[in-house]
Every structure is written in C-alpha cells, then in structure tokens.
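The block underneath contains the structure these notes are about, expressed in structure tokens.
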Amino acid sequence: MTAQVLDGRAVAAALLDRVGREVSEFVADHGRVPVLATVLVGDDPASHTYVRMKANRCLKAGMHSHRLTLASSISTETLVHQLRELSDDPAVDGILLQHPVPAHLDERAAFEAIDPAKDVDGVTRTSFAAMAFGEDGFHSATPGGIMALLDAYDIPLAGRHAVVVGRSAILGKPAGMLLLARDATVTYCHSRTADLAARVAEADIVVAAVGRPGLIRGAWIKPGAVVVDAGYADNTGDVEHAAAAERASYLTPVPGGVGPMTIATLLAQTIRAARQHEAARQPSVQPVRGAI
Ligand code: NAP
C-alpha cells in the first residue's frame, strides 16, 4: 500500500480562498478590515519565521496584522499588561501569542490575559473547556486544522481508535478532545507511556505531536491507518515517513501537511471573531456560530 497524501497546502489554500471572500464581504458590510494582533517575545528564529508567515497570510487574505515584538527580558507582568491592552482594544479582533515564550515567563498567565472572544489561536482555558465539552468556541489552531484536513478527505472518525502521541495543552490534548467530540475512541500517549509501539499499532488514526524526528516507526503503523504528523523539528516530522507510507492509507507530508492548516485555521477563526464582534455591537443580530 502507498498512502494517499493528506495535502495540507491544497486544503489550506481552499480554506484561505474562502476566508478572503468572507473578508471582502466583511469589509463591504462594516467598512473596516479585520485585525489580527500577533505578539512575539524574544529572538527565537523559528518563532520569528512562524509569526512572519502568519502576518503575511493575514495580509494576503485582506486582513490587517498588528505586530508586537517584545524583548526576551520582559517580565510576565509586562506581557500580561500588553495582552490585556490588546484584549481591551476595540480595533483588535484576534490575538495570537506565539508559543513558546521564553522559559522565565508564565505562559499560562499570559494566555489567560487574552479575551476569550479574541482567542483565535484557541489557547485560553475558556477555549479549552469549549473543546472539551464539544461546545461552540475557538479551536486550538493546530488541532482545529487537523480536524479540517481529515474532514476535507472525508475520513470517518466515529468509532475509530485514535492514538494521539503528545499531550501538550495547545496540541496533543485538544487534538484528542476534538476527536473524542467526533466519537472517536481516543488513547493519549506521552513520555511515560509504556510500549508506545504497541499503542500506535492499535490505532486506526495516529496523531503524532511530539517534536522528535522519526520517533514513530513506519513498522508500527497498522495497515490502512490514517497518519497525521504534526511534529516539526529539524525540518522533519515525528513519523518515519517512507516506511509509514508503505502501510498507511493516508499520510500528511512534512512540511506541507499540518503546518499550512494551522495558519488557515487561525485566519478562519479571526474573520469569525471579527463577525462576532460586529454582531455583539448590534444586539439585534444573532451571534455568529460555527467551528471555523
Ligand atoms: P511539547 O509541549 O514539548 O509537548 C510534547 C509532547 O510529547 C509532550 O506531551 C511529551 O510528553 C511528549 N513526548 C516527549 N517525548 C516522548 C516520547 N518519547 N514518547 C511519547 N511522547 C513523548 O510540544 P508541542 O508544543 O505540543 O509541539 C509538539 C510538536 O508539534 C513540535 O514538534 C512542534 O514544533 C510541533 N507543532 C507543529 C505545529 C504546526 O503547525 N505544524 C504547531 C504546533 C506545534 P510529556 O507530557 O510526558 O512530557
């Protein structure tokens, strides 16, 4: 078997086309451009690249990107203050704090300073709870993008065994919660999991979210399984791709799989936040609902 590619670039391009059309409608309706504020702390080159890519995509979709770059030496209090100011700023529709922040900062406190109505990257406790309860809310961008990619290929989820490797609050945990909300049977694996190979071999759907190149061996993949590789380190995913492609039915490339879907989901959620803000300013209009 040679796996079919889950082409994140193509699916993201279609989603971004839709976002672009929605932005044009929004501008015509409200006479203003939606605004995504990006906050970057420190000098990490990869984080700078990710924020630049997000800002560029934002501009291409017709939205405005308000970029705030802060020194790595700032305190948690200063970062929280900056995020609260953006939360209170009526001109800002969505806020992205690039993860990870330098180790001396309390990232959770910073995330919680983001108004949930502007949490287009889905990092606050409010968004996390909405995902856990299967309620309306902003999805964590990468898990939300993974779900949109699986849906674009009509991959059935209900009743299937999904194994998520990784349990971070921004990726592994919410990915499992979104799969559970769609009636998959979910197993989480992490650094203390005994016999990772056996757990992965049981999976109909594997979501790799670790950041260790080649951790998941191709020989572990159950024939016909769907493999989503969200890991990204040294330009490489978590899955041993050539060998996995021989066994999987579908496989995401790295790069070109999950990464583009993350950005597209962020922007889809930004235009949704902008519409919700306008609806909130006009109480007679029903709130805008929907996933992305
Ligand atoms: P993280 O916070 O470092 O979490 C990594 C997870 O992997 C942890 O839950 C950890 O377990 C688990 N883990 C570590 N070693 C393991 C092992 N040997 N076996 C099984 N599990 C193991 O990282 P993250 O922020 O979730 O990111 C994970 C990866 O996704 C990174 O490569 C990152 O670059 C990538 N990523 C990609 C995108 C995208 O758009 N494509 C977006 C976000 C992140 P413990 O909890 O036990 O420590």
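The values are calculated or read from the model by the stated rules, or taken from the named source; none is laboratory data. The structure displayed is predicted, hence computed values, not measured ones. Note that each Cβ is placed from the backbone with ideal geometry, even for glycine, and that neighbours are counted across all protein chains shown. All accessible areas refer to the heavy atoms of the entire protein, side chains included, with ligands and DNA or RNA removed. Shrake-Rupley method; radii C 1.70, N 1.55, O 1.52, S 1.80 Å.
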quick shape note, segment 31-116: Cα extents on principal axes in Å, largest first -> 40, 28, 17
Which of Leu266, Leu179, Leu215 moves most in a GNM of the chain, Cα contacts under 10 Å? Leu215
For the chain, with a Gaussian network of springs between Cα atoms less than 10 Å apart, report the residue from Ala243, Ala273, Ala61 with the top mean-square fluctuation. Ala243
Excluding ligands and nucleic acids, what accessible area in Å² is computed for Leu40 using a 1.4 Å probe, to the nearest 10? 10
Given a cut-off of 37 Å, what percent of all Cα-Cα pairs of the chain lie beyond it? 13
What FRET efficiency do you get for Ala28 and Gln4 if R0 is 45 Å and r is their Cβ-Cβ distance, rounded to the nearest 0.05? 0.70
Report, to two decimal places, the Cα Rg of segment 141-258 normalised by 2.2 N^0.38 Å (N = number of residues). 0.92
For the pair Leu59 and Thr78, how long in nm is the line joining their label points, each one 7 Å along Cα→Cβ? 2.7
What's the FRET efficiency of Asp17 with Arg52 using the Cβ-Cβ distance as r and R₀ = 30 Å, to the nearest 0.05? 0.90
Connecting every pair of Cα atoms under 10 Å apart in the chain and solving the GNM, the largest mean-square fluctuation among Arg199, Arg272, Arg281 falls on Arg281
To the nearest 10 square angstrom, how much accessible area does His241 have with a 1.4 angstrom probe? 50
Based on DSSP, what percent of beta bridges with both residues in the chain are antiparallel, to the nearest 5? 5
Counting only pairs 8 or more places apart or on different chains, how many lysine pairs in the chain have C-alpha atoms closer than 28 Å? 5
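Please work out how much length the chain gains when fully extended from Asp106 to Ala194, using 0.36 nm per residue of separation minus the C-alpha to C-alpha distance, in nm with one decimal. Could the numbers behind the result be given before it?
On the way: separation 88, 0.36 × 88 = 31.68 nm, distance 3.06 nm.
Going from the current span to full extension adds 28.6 nm.
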Please list the helices of the chain that count as membrane-span-like by this rule: a mean Kyte-Doolittle hydropathy of at least -1.0 together with Cα atoms stretching 27 Å or more along the helix axis, each helix being a complete DSSP H run. 8-30, 258-281
Using the heavy atoms of the protein chains alone and a 1.4 angstrom probe, what is the accessible area of the chain per residue in square angstrom? 44
Probe 1.4 Å, all chains present, heavy atoms only: Arg167 accessible area in Å², nearest 10, is 110
